[in-house]
1. Looking only at the range 1-43, count how many residues are open to solvent by less than 70 Å² (accessible area, probe 1.4 Å), within 16 Å of ligand 2 (Cβ to nearest atom), assigned to a loop (DSSP other than H, G, I, E, B) and not small (Gly, Ala, Ser).
2. Looking only at the range 1-27, which residues are more than 20 Å from Trp113 (Cα to Cα) and away from ligand 1 (no atom under 12 Å from the Cβ)?
3. Check whether at least one residue in the range 64-74 is touching an Asp or Glu at 6+ places or on another chain (Cβ under 9 Å) and within 16 Å of Asp159 (Cβ to Cβ), and report yes or no.
4. Pull out all pairs, ordered by first then second residue, where Cβ-Cβ is under 7 Å, the residues are six or more apart or on different chains, the first lies in the range 101-115 and is among the acidic types (Asp, Glu), and the second is not in a loop (DSSP other than H, G, I, E, B).
5. Please work out which residue is nearest to the chain's Cα centre (by Cα), limiting yourself to the range 148-195 and to residues that are over 15 Å from Arg300 (Cα atoms) and aliphatic (A, V, I, L, M).
6. Looking at Tyr323, Tyr309, can you tell me which residue is open to solvent by 80 Å² or more (accessible area, probe 1.4 Å), in a loop (DSSP other than H, G, I, E, B), modelled with pLDDT under 80 and among the hydroxyl-bearing types (Ser, Thr, Tyr)?
Amino acid sequence: MNADIRYSIVIPVYNEEAVIDQTYQRLKQVMDSTREPYELIFVNDGSCDHTTALIKGFRNKDDAVKLISFSRNFGHQIAITAGMDYALGAAVVVIDADLQDPPELILDMIAKWKEGYYVVYAKRTKRKGETFFKKQTARLFYRILKASTDIEIPTDTGDFRLLDRRVCEEMKRLPEKNRYVRGLVSWVGFRQTAVEYERDERLAGETKYPLKKMIKLSLDGLTSFSFKPLKMANYAGVGLIFFGFIYLAVMLFLKITTAYVISGWNLVIAMQLVLTGILLTMMGIIGEYIGRIYDEARDRPLYIVSECYGMMRKERNVKKVVYDVKKSS
Ligand code: UDP
Ligand code: MG
(Lines give C-alpha, C1' and ligand atoms only; values in the text may rest on other atoms or scores of the structure.)
(Ligands and ions follow the chains in the order given, each with its own letter.)
Protein backbone atom coordinates (compact mmCIF):
# COMPACT_ATOMS: atom_id res chain seq x y z
CA MET A 1 0.00 0.00 0.00
CA ASN A 2 2.94 2.26 0.68
CA ALA A 3 3.95 2.08 -2.94
CA ASP A 4 0.70 3.82 -3.80
CA ILE A 5 1.64 6.99 -2.03
CA ARG A 6 1.60 9.80 -4.50
CA TYR A 7 2.62 12.78 -2.39
CA SER A 8 4.91 13.00 0.62
CA ILE A 9 4.81 16.21 2.59
CA VAL A 10 7.91 16.71 4.72
CA ILE A 11 7.45 19.04 7.67
CA PRO A 12 10.47 19.78 9.88
CA VAL A 13 9.32 20.73 13.36
CA TYR A 14 11.22 22.15 16.26
CA ASN A 15 9.18 23.26 19.25
CA GLU A 16 6.14 24.16 17.19
CA GLU A 17 3.39 23.29 19.70
CA ALA A 18 1.78 26.68 19.14
CA VAL A 19 1.07 26.11 15.45
CA ILE A 20 1.31 22.42 14.75
CA ASP A 21 -2.40 21.76 15.13
CA GLN A 22 -3.40 24.39 12.58
CA THR A 23 -0.61 23.35 10.25
CA TYR A 24 -1.86 19.78 10.32
CA GLN A 25 -5.49 20.80 9.69
CA ARG A 26 -4.58 23.03 6.75
CA LEU A 27 -2.25 20.50 5.19
CA LYS A 28 -4.86 17.79 5.56
CA GLN A 29 -7.50 19.94 3.93
CA VAL A 30 -5.27 20.78 0.99
CA MET A 31 -4.00 17.25 0.50
CA ASP A 32 -7.48 15.69 0.81
CA SER A 33 -8.59 17.93 -2.02
CA THR A 34 -6.14 16.20 -4.37
CA ARG A 35 -8.07 12.92 -3.88
CA GLU A 36 -4.81 11.06 -4.19
CA PRO A 37 -2.97 9.09 -1.51
CA TYR A 38 -0.46 11.10 0.49
CA GLU A 39 1.62 10.98 3.66
CA LEU A 40 2.48 13.78 6.09
CA ILE A 41 5.97 13.16 7.42
CA PHE A 42 6.68 15.22 10.50
CA VAL A 43 10.37 15.32 11.30
CA ASN A 44 10.70 16.22 14.92
CA ASP A 45 14.08 17.85 15.29
CA GLY A 46 14.54 17.28 19.00
CA SER A 47 11.60 19.34 20.24
CA CYS A 48 11.37 19.67 23.98
CA ASP A 49 7.80 20.94 24.22
CA HIS A 50 4.51 19.15 23.46
CA THR A 51 5.06 18.97 19.70
CA THR A 52 5.73 15.22 19.69
CA ALA A 53 2.71 14.38 21.80
CA LEU A 54 0.48 16.47 19.54
CA ILE A 55 1.75 14.73 16.41
CA LYS A 56 1.19 11.32 17.99
CA GLY A 57 -2.34 12.51 18.67
CA PHE A 58 -2.88 13.20 14.95
CA ARG A 59 -1.45 9.81 14.14
CA ASN A 60 -3.95 8.02 16.33
CA LYS A 61 -6.76 9.28 14.12
CA ASP A 62 -5.03 9.59 10.78
CA ASP A 63 -2.93 6.95 9.05
CA ALA A 64 -1.41 9.47 6.69
CA VAL A 65 0.53 11.05 9.55
CA LYS A 66 4.05 9.77 10.07
CA LEU A 67 6.67 10.85 12.51
CA ILE A 68 10.44 10.72 12.58
CA SER A 69 11.94 11.92 15.82
CA PHE A 70 15.58 12.90 16.17
CA SER A 71 17.54 12.12 19.29
CA ARG A 72 18.41 15.81 19.62
CA ASN A 73 18.29 19.02 17.64
CA PHE A 74 20.25 18.40 14.45
CA GLY A 75 19.04 21.43 12.57
CA HIS A 76 16.50 22.28 9.93
CA GLN A 77 18.54 21.19 6.89
CA ILE A 78 19.22 17.76 8.33
CA ALA A 79 15.58 17.35 9.32
CA ILE A 80 14.55 18.04 5.72
CA THR A 81 17.13 15.56 4.48
CA ALA A 82 15.80 12.84 6.76
CA GLY A 83 12.27 13.53 5.59
CA MET A 84 13.34 13.16 1.97
CA ASP A 85 15.18 9.94 2.80
CA TYR A 86 12.05 8.39 4.29
CA ALA A 87 9.51 9.79 1.86
CA LEU A 88 7.78 7.28 -0.41
CA GLY A 89 5.74 9.56 -2.64
CA ALA A 90 6.18 10.12 -6.35
CA ALA A 91 6.49 13.80 -5.47
CA VAL A 92 7.94 15.14 -2.24
CA VAL A 93 7.07 18.57 -0.88
CA VAL A 94 9.07 20.26 1.86
CA ILE A 95 7.19 22.87 3.86
CA ASP A 96 7.83 24.80 7.07
CA ALA A 97 5.63 24.03 10.04
CA ASP A 98 4.81 27.62 10.94
CA LEU A 99 2.41 28.31 8.03
CA GLN A 100 4.69 30.99 6.65
CA ASP A 101 4.54 28.87 3.54
CA PRO A 102 0.87 28.61 2.51
CA PRO A 103 -0.08 24.91 2.10
CA GLU A 104 -2.53 25.86 -0.68
CA LEU A 105 0.45 26.61 -2.91
CA ILE A 106 1.22 22.90 -2.94
CA LEU A 107 -1.66 22.47 -5.40
CA ASP A 108 0.00 24.90 -7.82
CA MET A 109 3.26 23.02 -7.39
CA ILE A 110 1.54 19.73 -8.14
CA ALA A 111 0.02 21.25 -11.28
CA LYS A 112 3.48 22.27 -12.50
CA TRP A 113 4.85 18.87 -11.61
CA LYS A 114 2.13 17.25 -13.72
CA GLU A 115 3.21 19.51 -16.57
CA GLY A 116 6.53 17.73 -16.43
CA TYR A 117 8.76 19.77 -14.12
CA TYR A 118 11.01 17.87 -11.75
CA VAL A 119 11.47 20.62 -9.20
CA VAL A 120 8.97 23.36 -8.40
CA TYR A 121 10.28 25.88 -5.92
CA ALA A 122 8.34 28.65 -4.26
CA LYS A 123 9.74 32.10 -4.84
CA ARG A 124 8.90 34.77 -2.30
CA THR A 125 7.82 38.04 -3.80
CA LYS A 126 7.23 39.55 -0.36
CA ARG A 127 8.10 38.58 3.17
CA LYS A 128 5.66 39.74 5.77
CA GLY A 129 6.20 40.06 9.47
CA GLU A 130 9.94 39.54 9.40
CA THR A 131 12.36 42.11 10.71
CA PHE A 132 14.04 44.61 8.41
CA PHE A 133 17.36 43.10 9.44
CA LYS A 134 16.36 39.56 8.51
CA LYS A 135 14.93 40.58 5.15
CA GLN A 136 17.92 42.70 4.20
CA THR A 137 20.56 40.20 5.33
CA ALA A 138 18.71 37.42 3.48
CA ARG A 139 18.50 39.59 0.36
CA LEU A 140 22.19 40.41 0.53
CA PHE A 141 23.14 36.79 1.12
CA TYR A 142 21.22 35.48 -1.89
CA ARG A 143 22.87 38.13 -4.08
CA ILE A 144 26.38 37.31 -2.83
CA LEU A 145 25.75 33.60 -3.31
CA LYS A 146 24.47 34.20 -6.82
CA ALA A 147 27.53 36.27 -7.70
CA SER A 148 30.01 33.79 -6.31
CA THR A 149 28.80 30.50 -7.71
CA ASP A 150 28.50 29.02 -11.16
CA ILE A 151 25.36 27.02 -10.60
CA GLU A 152 22.01 28.70 -10.87
CA ILE A 153 20.65 28.93 -7.32
CA PRO A 154 17.39 30.90 -7.49
CA THR A 155 17.27 33.99 -5.29
CA ASP A 156 14.64 34.55 -2.61
CA THR A 157 13.57 30.95 -2.32
CA GLY A 158 13.61 28.90 0.83
CA ASP A 159 13.21 25.18 1.15
CA PHE A 160 9.49 25.24 0.33
CA ARG A 161 9.48 23.20 -2.86
CA LEU A 162 8.32 20.08 -4.63
CA LEU A 163 10.78 17.44 -5.77
CA ASP A 164 10.09 14.62 -8.13
CA ARG A 165 11.02 11.14 -6.88
CA ARG A 166 13.91 11.13 -9.33
CA VAL A 167 15.44 14.26 -7.80
CA CYS A 168 14.80 12.93 -4.33
CA GLU A 169 16.74 9.77 -5.17
CA GLU A 170 19.65 11.84 -6.47
CA MET A 171 19.63 13.92 -3.29
CA LYS A 172 20.18 10.72 -1.33
CA ARG A 173 23.47 10.25 -3.12
CA LEU A 174 24.91 13.55 -1.90
CA PRO A 175 26.78 12.62 1.23
CA GLU A 176 27.92 15.99 2.53
CA LYS A 177 27.49 16.82 6.16
CA ASN A 178 27.10 20.59 6.10
CA ARG A 179 24.12 20.68 3.83
CA TYR A 180 22.59 23.62 2.05
CA VAL A 181 19.63 21.73 0.69
CA ARG A 182 18.21 24.35 -1.65
CA GLY A 183 21.61 24.71 -3.31
CA LEU A 184 21.96 20.96 -3.66
CA VAL A 185 18.56 20.74 -5.33
CA SER A 186 19.70 23.31 -7.88
CA TRP A 187 22.93 21.44 -8.33
CA VAL A 188 21.08 18.20 -9.09
CA GLY A 189 19.46 19.88 -12.09
CA PHE A 190 16.56 18.56 -14.20
CA ARG A 191 13.75 20.83 -15.33
CA GLN A 192 13.04 23.30 -12.55
CA THR A 193 10.50 26.06 -12.32
CA ALA A 194 9.06 28.52 -9.81
CA VAL A 195 5.69 29.45 -8.42
CA GLU A 196 5.51 32.85 -6.75
CA TYR A 197 3.91 33.70 -3.44
CA GLU A 198 3.88 36.23 -0.66
CA ARG A 199 5.40 34.87 2.48
CA ASP A 200 3.07 35.26 5.46
CA GLU A 201 3.92 35.98 9.01
CA ARG A 202 4.69 33.09 11.29
CA LEU A 203 1.31 32.05 12.70
CA ALA A 204 2.48 31.71 16.28
CA GLY A 205 5.58 30.97 18.26
CA GLU A 206 8.99 32.41 17.60
CA THR A 207 11.51 31.92 14.84
CA LYS A 208 13.72 28.90 15.39
CA TYR A 209 16.38 30.51 13.27
CA PRO A 210 18.37 32.83 15.49
CA LEU A 211 21.25 34.81 14.01
CA LYS A 212 23.74 32.07 14.85
CA LYS A 213 21.86 29.46 12.81
CA MET A 214 21.40 31.94 9.96
CA ILE A 215 25.13 32.59 9.81
CA LYS A 216 25.84 28.86 9.81
CA LEU A 217 23.37 28.33 6.96
CA SER A 218 24.88 31.16 4.91
CA LEU A 219 28.38 29.83 5.42
CA ASP A 220 27.24 26.34 4.40
CA GLY A 221 25.69 27.83 1.29
CA LEU A 222 28.74 29.85 0.34
CA THR A 223 31.40 27.28 1.10
CA SER A 224 29.48 24.42 -0.52
CA PHE A 225 29.02 26.18 -3.79
CA SER A 226 31.91 28.56 -4.18
CA PHE A 227 35.68 28.67 -3.85
CA LYS A 228 35.67 32.45 -4.00
CA PRO A 229 36.37 32.91 -0.27
CA LEU A 230 39.47 30.71 -0.64
CA LYS A 231 40.59 32.74 -3.61
CA MET A 232 40.31 36.05 -1.83
CA ALA A 233 43.90 35.85 -0.55
CA ASN A 234 45.02 35.48 -4.13
CA TYR A 235 43.23 38.56 -5.33
CA ALA A 236 44.46 40.61 -2.38
CA GLY A 237 48.02 39.40 -2.91
CA VAL A 238 48.14 40.23 -6.59
CA GLY A 239 46.58 43.62 -5.84
CA LEU A 240 49.25 44.43 -3.24
CA ILE A 241 52.12 43.39 -5.50
CA PHE A 242 50.72 45.60 -8.22
CA PHE A 243 50.40 48.50 -5.80
CA GLY A 244 53.96 48.02 -4.52
CA PHE A 245 55.39 48.13 -8.02
CA ILE A 246 53.43 51.25 -8.95
CA TYR A 247 54.71 52.86 -5.76
CA LEU A 248 58.30 51.97 -6.67
CA ALA A 249 57.86 53.12 -10.24
CA VAL A 250 56.50 56.49 -9.17
CA MET A 251 59.44 56.98 -6.82
CA LEU A 252 61.94 56.08 -9.50
CA PHE A 253 60.20 58.34 -11.97
CA LEU A 254 60.32 61.24 -9.51
CA LYS A 255 63.98 60.56 -8.74
CA ILE A 256 64.94 60.60 -12.40
CA THR A 257 62.88 63.61 -13.46
CA THR A 258 63.12 65.78 -10.34
CA ALA A 259 65.45 66.39 -7.44
CA TYR A 260 63.41 63.90 -5.33
CA VAL A 261 65.42 61.76 -2.90
CA ILE A 262 64.03 58.27 -2.13
CA SER A 263 63.71 58.09 1.62
CA GLY A 264 64.20 54.92 3.66
CA TRP A 265 60.61 54.60 4.85
CA ASN A 266 59.23 54.99 1.35
CA LEU A 267 61.32 52.07 0.29
CA VAL A 268 60.17 50.08 3.31
CA ILE A 269 56.52 50.68 2.40
CA ALA A 270 57.10 49.57 -1.15
CA MET A 271 58.93 46.42 -0.07
CA GLN A 272 56.28 45.72 2.52
CA LEU A 273 53.57 45.89 -0.13
CA VAL A 274 55.40 43.59 -2.47
CA LEU A 275 56.40 41.05 0.17
CA THR A 276 52.98 40.87 1.81
CA GLY A 277 51.56 40.54 -1.66
CA ILE A 278 53.80 37.60 -2.43
CA LEU A 279 52.88 35.96 0.87
CA LEU A 280 49.19 36.38 0.26
CA THR A 281 49.51 35.05 -3.27
CA MET A 282 51.25 31.97 -1.92
CA MET A 283 48.46 31.52 0.59
CA GLY A 284 46.00 31.87 -2.25
CA ILE A 285 47.76 29.12 -4.15
CA ILE A 286 47.54 26.90 -1.10
CA GLY A 287 43.87 27.88 -0.97
CA GLU A 288 43.41 26.67 -4.53
CA TYR A 289 44.77 23.28 -3.57
CA ILE A 290 42.69 23.11 -0.42
CA GLY A 291 39.70 23.95 -2.57
CA ARG A 292 40.39 21.00 -4.76
CA ILE A 293 40.96 18.71 -1.80
CA TYR A 294 37.66 19.96 -0.42
CA ASP A 295 35.98 19.14 -3.69
CA GLU A 296 37.28 15.60 -3.51
CA ALA A 297 36.50 15.19 0.15
CA ARG A 298 32.91 16.26 -0.39
CA ASP A 299 32.56 13.24 -2.58
CA ARG A 300 29.58 14.41 -4.55
CA PRO A 301 28.76 12.23 -7.51
CA LEU A 302 30.53 13.63 -10.53
CA TYR A 303 27.46 13.74 -12.72
CA ILE A 304 23.84 12.78 -12.79
CA VAL A 305 22.52 10.97 -15.83
CA SER A 306 19.02 11.97 -16.77
CA GLU A 307 18.24 9.48 -19.51
CA CYS A 308 19.96 6.66 -21.36
CA TYR A 309 19.09 5.33 -24.76
CA GLY A 310 20.16 1.86 -25.74
CA MET A 311 22.00 1.18 -22.51
CA MET A 312 21.25 0.67 -18.84
CA ARG A 313 21.59 3.57 -16.45
CA LYS A 314 24.39 2.94 -14.00
CA GLU A 315 24.66 4.43 -10.56
CA ARG A 316 27.84 5.83 -9.09
CA ASN A 317 28.40 6.26 -5.39
CA VAL A 318 25.26 4.49 -4.35
CA LYS A 319 25.18 3.70 -0.72
CA LYS A 320 22.55 1.16 0.09
CA VAL A 321 20.57 2.45 3.00
CA VAL A 322 17.73 0.42 4.36
CA TYR A 323 15.18 2.45 6.21
CA ASP A 324 12.66 1.03 8.54
CA VAL A 325 9.44 2.58 7.35
CA LYS A 326 7.26 0.48 9.54
CA LYS A 327 4.70 2.50 11.37
CA SER A 328 6.14 3.74 14.58
CA SER A 329 3.91 5.28 17.15
N1 UDP B 1 13.33 23.99 12.40
C2 UDP B 1 13.90 22.75 12.68
N3 UDP B 1 15.07 22.70 13.38
C4 UDP B 1 15.72 23.84 13.79
C5 UDP B 1 15.16 25.09 13.46
C6 UDP B 1 13.97 25.13 12.75
O7 UDP B 1 13.35 21.71 12.33
O8 UDP B 1 16.77 23.72 14.42
C9 UDP B 1 12.06 24.04 11.62
C10 UDP B 1 10.98 24.90 12.24
O11 UDP B 1 10.19 24.14 13.14
C12 UDP B 1 10.19 25.35 11.03
C13 UDP B 1 11.26 25.44 9.95
O14 UDP B 1 12.35 24.66 10.38
O15 UDP B 1 9.24 24.40 10.63
C16 UDP B 1 11.71 26.86 9.69
O17 UDP B 1 12.07 27.50 10.91
P18 UDP B 1 11.59 28.96 11.28
O19 UDP B 1 10.20 29.19 10.80
O20 UDP B 1 11.80 29.18 12.73
O21 UDP B 1 12.59 29.84 10.43
P22 UDP B 1 12.30 31.26 9.75
O23 UDP B 1 11.04 31.10 8.96
O24 UDP B 1 12.16 32.23 10.87
O25 UDP B 1 13.50 31.50 8.90
MG1 MG C 1 9.31 30.50 9.68
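The values are calculated or read from the model by the stated rules, or taken from the named source; none is laboratory data. Quantities reported herein were computed from a predicted structural model and do not represent experimental measurements. Cβ sites come from the backbone with ideal geometry, for glycine too, and all protein chains shown count toward neighbours. Surface accessibility is based on the protein's heavy atoms, side chains included, excluding ligands, DNA and RNA. Shrake-Rupley method; radii C 1.70, N 1.55, O 1.52, S 1.80 Å.
1. Total meeting the criteria: 4.
2. Scanning the range 1-27 gives Met1, Asn2, Asp21, Gln22, Tyr24, Gln25, Arg26.
3. Yes - at least one qualifying residue is present in the range 64-74.
4. Asp101/Ala122; Asp101/Phe160; Glu104/Val30; Asp108/Val195
5. Within the range 148-195, the match that is nearest to the chain's Cα centre (by Cα) is Ile153.
6. The match here is Tyr309.
One line per residue, one yes/no per condition, for (1) charged (D, E, K, R); (2) within 16 Å of ligand 2 (Cβ to nearest atom); (3) at pLDDT 85 or above; (4) in a helix (DSSP H, G or I):
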{"residue": "Glu201", "(1), (2), (3), (4)": "yes, yes, no, no"}
{"residue": "Glu206", "(1), (2), (3), (4)": "yes, yes, no, no"}
{"residue": "Lys216", "(1), (2), (3), (4)": "yes, no, no, yes"}
{"residue": "Leu219", "(1), (2), (3), (4)": "no, no, no, yes"}
{"residue": "Lys231", "(1), (2), (3), (4)": "yes, no, no, yes"}
{"residue": "Ile256", "(1), (2), (3), (4)": "no, no, yes, yes"}
{"residue": "Val268", "(1), (2), (3), (4)": "no, no, yes, yes"}
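Residue by residue, here is whether (1) more than 16 Å from ligand 1 (Cβ to nearest atom); (2) more than 18 Å from the chain's Cα centre (by Cα) holds:
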site: Leu203; (1), (2): no, yes
site: Phe225; (1), (2): yes, no
site: Asn234; (1), (2): yes, yes
site: Val238; (1), (2): yes, yes
site: Phe245; (1), (2): yes, yes
site: Leu248; (1), (2): yes, yes
